[in-house]
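Structure record follows, encoded as structure tokens.
The values are calculated or read from the model by the stated rules, or taken from the named source; none is laboratory data. What you are looking at is a predicted structure, and each value in this text was computed from that prediction instead of being measured. We place every Cβ from the backbone using ideal geometry, glycine too, and count neighbours over all the protein chains shown. When the accessible area is computed, the model is the full protein with side chains, heavy atoms only, and any ligands, DNA or RNA have been set aside. Shrake-Rupley method; radii C 1.70, N 1.55, O 1.52, S 1.80 Å.
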Amino acid sequence: MLIEGLDTESKDLTVKIEKLKSFIDSNSGYDLLSDIHKILLVNQFNAMELYVFALNERIYDLKNRQ
């Protein structure tokens with residue numbers, strides 16, 4: 001069903017977001033990156049958060065239409 005697929009995608013993406021946030025916050029490898037690479041990683045993180053938000057809103061909408 002559609003909701004289950006969206007839920008799986010949201011959960012998988014949430015794990016990836018947490019790993020990326022941990023990397024960014026760790027400062028160990030992150031500090032070694034170029035400034036542009038740091039900016040791009042933060043942009044990627046923000047896009048991922050927006051994507052998971054949209055997935056969760058779609059799940060909410062689908063559940064409330066049933």
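Couple of notes before you dig in:
- Cα gyration tensor shape of the chain, rounded if a/c is under 1.5, else prolate or oblate by comparing a/b with b/c: prolate
- Stretch gain in nm, segment residue 58-residue 26, where the contour uses 0.36 nm per residue and the Cα spacing is subtracted: 8.3 nm
- Charging the Cβ of each Asp and Glu at -1 and of each Lys and Arg at +1, and nothing else, the dipole of the chain about its Cα centre rounds to 100 debye.
- Gaussian network model of the chain, Cα within-10 Å springs - most flexible of 32, 13, 41: 32
- Accessible area of the chain divided out per residue, in Å², using a probe of 1.4 angstrom: 75
- Rounded tilt (10° steps) of 2-26 against the dominant C-alpha axis of the chain: 20
- Between helix 35-65 and the chain: long-axis angle, C-alpha atoms, 0 to 90°, nearest 10: 10
- Within the accessible area of the chain (1.4 Å probe), percent carbon and sulfur: 58
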